[in-house]
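Peer 1: Quick one: the structure is below, questions incoming.
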Amino acid sequence: MVSPEAKAKAAAGAPAIDAGSAEETVSCRWPLLVLFLGAAGWLVAGSLLGLLASIKFHSPMFLAEPAWLTYGRVKAASAALLVYGFCVPTALGVGLWLMSRLGRVALAGPVVAGFGGGLLHAGVAVGLVGVLRGDGTGFLHLEFPAGAAGLVFLGYLLLGTVGVLTLYRRREARMEAAQWFVLAGLFWFGWIYSTANLCLLVFPVRGVAQAAINYWHTGNLLGVWMGLMGLGTVFALLPRLAGREPGREYVAMFVFWVLLLFGSWTGIPATAPLPAWMPALSTVGTVLSGLGVLGVAVIVHQTLAGRYGSVWRDERLRFLGLGVAAYVVGGVMQVVEALSGRSWMLHFTWFTAAREWMQVYGYLALVMFGTVYAIVPALVGVDWWSRRFLRLHFWLAGAGLLFVAAPLAAGGVVEAARLLNPALGFVEVSRGTLMFLRLSTIGELLILAGNGLFFVNLAGTVAGICRRALADALRRWGAETTGEGAAA
Amino acid sequence: MRHGALVYLGAFFALALSWTGFVLTPQMQVGQMVATNTVPAGARYPVARPGLAQQGLQVYRANGCAYCHSQQVWQQGTVFDVMLTDGGTNQPGVVAALQAVMPRLSRPEALQLLEGLPKPVLRGVSREEAESAVKKLTTSGAKATLWIEAVGPDLARGWGKRRSVPEDFLYDYPVLLGAQRVGPDLADVGVRQPDVGWHLRHLYAPASVVTGSVMPGYPYLFEKRRVVGAGSADALALSGDHAPEVGYEVVPKPEAKALAAYLVSLRADAPLFTAPFSVGASGGPAAPATNAAPTAGGGVP
């Protein structure tokens, strides 16, 4: 089943992602570095704000002033930075890279892509200031005010266009699973983000129709869009890095259609004051989209069967492997949450927060870390600034995820049980979760440290190639002047 | 799959389907909703919040209150009570009917029950049971009415009289239902705690009114200033650790006043056709003084 080349590659130790043609590499280099570097910066800022929010559960009056550091604002800012500051630009950058590498063609319009990345980051900056000033929208996962969201959308539009054009110009006619996933993901984000912002901020709809659109956007963003971008990346990189044949294509196709058809109906809790058919349909959608989680487990097993050890030996594969595991756990948690809605109301508790950590950080961010670690050396032609930081980042991220998600999930179950007991005062219910919340602060601290290492490592690597380019330019200039002097 | 266009079309139709279901249809169904009436009082519901409360909603949004507070009361079901309001003149018949309705009731107990009406005969039963009991009692010459009661853990906690319904949010922008209950649900907080002064003290220093509260304070919505003359009429009545130094007072800024006005405007206590309950039903002893059908009304803010 395994081709001889793949065997040889695997035998040669950690196989590299092959760099592609020089043309492909050069076209991807700067747009992707703009996206990744900015994203890593937002990630650190976001996890710092998240840590601040978490510390407020140790002492409610901690930084109660000034206004911009109040819990509701830093929490909103930290959520927005993780999703729109880190996940969106990194996933779009990785998506563009996949379109170029798998299609064996240079990126169409690298300058446009770089500009799009700049706009996206500018939108995030404006949005961050807006949320902290008190101009946040209050809508979950749509925190940025309209102007900032407009900039983010414009940036996305440029990047998405470049992605689609690159796919269109591909030299390899056959499309891999990763390409369908990324193509659908590029399309998906544009539709959900524009609909949500137009219907909630620009031409707001009436009453609880706002809530319906907010739920719909969140379900599609976390479930479908993140699913498409991350799984596409995993399906492309896992077999290549592990030196194995990819899993069966029809399983990937199954996962794809399950995500598209059922994943797009998730996100409305049973308690929402909406017509009853909506939460009911949403619960059905969530349970059915659990089938996709099974498909992912099957495909990963088909790829890695018998050689799970190889995942462990390669840091990049460790990130991808843990990311996929978090995807499976997060998917199961979502099904449990949806099914419990009418009796246990788990969705009102910290269990939801644990599930979102699994889906956003545990799954998408970890997959993106692994991918960025895999592709940046090929892009810039040098290895990472610090291999030790890379290894340490994995441990910090993994331990951080465990320390955040496990206490929050356990705390959520305890909270749900207490919420059902009306004899227990609410203060006791909320105080009962404090121990779990305080444990999760440790996790957030570890995650912040890991994210910091990621940023420093990426910045160090980019600074290294900038210094080299500068030195080259100086040497050339020096040679020219001495040449001219000799000629004179 | 070889064709990008096919993938694109597939994604288009899948998302169009979901968009039609969860964006377009709710917009046609609840987005076009108009005001309704309370049942049976017939008062208009909802009424727009006062201007100050509408400003308060913007303070609620700006400070991310919805990250900790939900505004969606959950109702697990509806149960029915049978209230005996008048014993009538046919005492033996009524006692027999009572014993038919409540098989464990002895004759002396039934006679005792007929003293000091109105009293609940059956509580928390299904609609069919309640209706058949009312029929039996009415046939025997007594007067009995059916009371509707919404039940569920949230309602038992006193977080409202019924579930939240779309009408509650008809005139709000933004509608912030919240996702998590780090703090209590606020859909009905104006009924639980109608005192604006309490809300202001709570916003300034939550622990001053709720022992053990994990909520952060919002001192930036207030101004601590030197007392001039008789002091401000708005100054908070704080005591103990939370009181300012002697000679100083804590006065709410306009944002704090608006937020408190918004909080007291949050009420989920209007009985509606889609979420009915009988006013006073859960009160038990607080039964109406007359034997007329229970009236609904007071719910309109």
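The values are calculated or read from the model by the stated rules, or taken from the named source; none is laboratory data. Please read all numbers here as calculations on a predicted model, not as lab measurements. Using ideal geometry, Cβ is built from the backbone for each residue, glycine included, and neighbour counts are taken over all protein chains shown.
Peer 1: For the range B:261-275, which residues satisfy the criterion of being modelled with pLDDT under 90 and part of a helix (DSSP H, G or I)?
Peer 2: none
Peer 1: Which one of these is on the phi < 0 side of the Ramachandran plot, within 12 Å of the chain's Cα centre (by Cα) and part of a helix (DSSP H, G or I): B:Leu186, B:Leu155? Walk me through how you get there before you give the answer.
Peer 2: Numbers: B:Leu186 fails: part of a helix (DSSP H, G or I).
Of the residues listed, the single one that is on the phi < 0 side of the Ramachandran plot, within 12 Å of the chain's Cα centre (by Cα) and part of a helix (DSSP H, G or I) is B:Leu155.
Peer 1: Which number in (1) touching a residue at least 12 places away in the same chain (Cβ under 8 Å); (2) touching a helix residue (DSSP H, G or I) at 6+ places or on another chain (Cβ under 7 Å); (3) not assigned by TED's automatic domain parsing to the domain that holds B:Asp185 marks the one condition that B:Ser126 misses?
Peer 2: (2)
Quick grid of which residues meet (1) without any contact (Cβ under 8 Å) to a residue 24 or more places away in the chain; (2) within 14 Å of chain B (Cβ to nearest Cβ):
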residue	(1), (2)
A:Gly130	yes, yes
A:Gly134	no, yes
A:Leu140	no, yes
A:Phe144	no, yes
A:Leu151	no, no
A:Gly155	no, no
A:Gly160	no, yes
A:Arg169	no, yes
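Peer 1: Continuing with this model, one more query. Quick one: count up the residues across the range B:251-260 that are outside any helix (DSSP H, G or I) and buried (at least 23 other Cβ atoms within 10 Å of the Cβ). Write out each step before concluding.
Peer 2: Initially, the range B:251-260 is screened for residues outside any helix (DSSP H, G or I), giving B:251-253.
Applying the additional criterion that residues be buried (at least 23 other Cβ atoms within 10 Å of the Cβ) yields B:252.
Of the residues in that region, 1 qualify.
Peer 1: Inspect the range A:350-372 for any residue being over 22 Å from the mean Cα position of the chain (by Cα), farther than 19 Å from A:Val296 by Cβ and aromatic (Phe, Trp, Tyr) and give the result as yes or no.
Peer 2: We begin by selecting, within the range A:350-372, every residue over 22 Å from the mean Cα position of the chain (by Cα); these are none.
No, there is no match, as no residue in the range A:350-372 is over 22 Å from the mean Cα position of the chain (by Cα), farther than 19 Å from A:Val296 by Cβ and aromatic (Phe, Trp, Tyr).
Peer 1: Just the residues that are within 14 Å of another protein chain (Cβ to nearest Cβ), farther than 19 Å from B:Arg192 by Cβ, out of contact with any helix residue (DSSP H, G or I) (no Cβ under 7 Å at 6 or more places or on another chain) and not aromatic (Phe, Trp, Tyr), please, taken from the range B:136-172.
Peer 2: Across the range B:136-172, the qualifying residues are B:Pro166, B:Glu167, B:Leu170.
Peer 1: Looking only at residues in the range A:265-283 that are without any contact (Cβ under 8 Å) to a residue 24 or more places away in the chain, within 18 Å of B:Thr274 (Cβ to Cβ) and in a helix (DSSP H, G or I), which one is farthest from the chain's Cα centre (by Cα)?
Peer 2: At the first step, the residues of the range A:265-283 found to be without any contact (Cβ under 8 Å) to a residue 24 or more places away in the chain are A:275-277, A:280-281.
Right, trim to within 18 Å of B:Thr274 (Cβ to Cβ) and you get A:275-277, A:280.
Among the residues that remain, those that are also in a helix (DSSP H, G or I) are: A:277, A:280.
Numbers: A:Trp277: 31, A:Ala280: 29 Å.
Filtering first and then ranking leaves A:Trp277.
Peer 1: Check whether at least one residue in the range B:235-258 is under 21 Å from B:Ala66 (Cα atoms), within 14 Å of chain A (Cβ to nearest Cβ) and touching a His at 6+ places or on another chain (Cβ under 7 Å), and report yes or no.
Peer 2: No, there is no match, as no residue in the range B:235-258 is under 21 Å from B:Ala66 (Cα atoms), within 14 Å of chain A (Cβ to nearest Cβ) and touching a His at 6+ places or on another chain (Cβ under 7 Å).
Peer 1: Which of the residues that make up the range A:325-369 are among the small types (Gly, Ala, Ser), farther than 14 Å from A:Leu401 by Cα and more than 14 Å from chain B (Cβ to nearest Cβ)? If you could, list the steps in order and put the result at the bottom.
Peer 2: As a first pass, look at the range A:325-369 and keep what is among the small types (Gly, Ala, Ser): A:325-326, A:330-331, A:338, A:340-341, A:343, A:353-354, A:362, A:365.
Okay, now just the ones that are also farther than 14 Å from A:Leu401 by Cα, so A:331, A:338, A:340-341, A:343.
Once the filter is applied, which keeps residues that are among the small types (Gly, Ala, Ser), farther than 14 Å from A:Leu401 by Cα and more than 14 Å from chain B (Cβ to nearest Cβ), the range A:325-369 yields only A:Gly331.
Peer 1: Among the residues of the range A:254-268, write down those that are more than 22 Å from A:Asn214 (Cα to Cα) and facing chain B (nearest Cβ under 8 Å).
Peer 2: Correct list: A:Trp257 only.
Peer 1: Considering the range B:202-216 alone, what residues qualify as being assigned to a helix (DSSP H, G or I) and either at the interface with another protein chain (Cβ under 7 Å from one of its Cβ atoms) or surrounded by 21 or more Cβ atoms within 10 Å (Cβ to Cβ) (or both)?
Peer 2: B:His202, B:Leu203, B:Tyr204, B:Pro206
Peer 1: Only residues that are among the β-branched types (Val, Ile, Thr) and buried (at least 24 other Cβ atoms within 10 Å of the Cβ): list them for the range A:233-269, please.
Peer 2: Kept after step one, since they are among the β-branched types (Val, Ile, Thr), are these residues of the range A:233-269: A:233-234, A:251, A:255, A:258, A:266, A:268.
Within the range A:233-269, A:Thr233, A:Val234, A:Val255, A:Thr266, A:Ile268 meet the criteria.
Peer 1: OK, next. So A:Val298 passes all but one of these: (1) surrounded by fewer than 23 Cβ atoms within 10 Å (Cβ to Cβ); (2) among the hydrophobic types (A, V, I, L, M, F, W, C); (3) over 21 Å from A:Ala242 (Cβ atoms); (4) more than 21 Å from the chain's Cα centre (by Cα). Which condition number does it fail?
Peer 2: (3) is the only condition that A:Val298 fails.
Peer 1: Go over the candidates B:Pro301, B:Pro244 one by one and state the one that is farther than 30 Å from B:Leu122 by Cα, assigned to a loop (DSSP other than H, G, I, E, B) and modelled with pLDDT under 90. Lay out the reasoning, then the answer.
Peer 2: Values: B:Pro244 fails: modelled with pLDDT under 90.
After ruling out the rest, the residue left standing is B:Pro301.
Peer 1: Tell me which of these B:Val121 doesn't satisfy, since it passes every other one: (1) more than 30 Å from A:Leu346 (Cβ to Cβ); (2) at pLDDT 90 or above.
Peer 2: Failing condition for B:Val121: (2).
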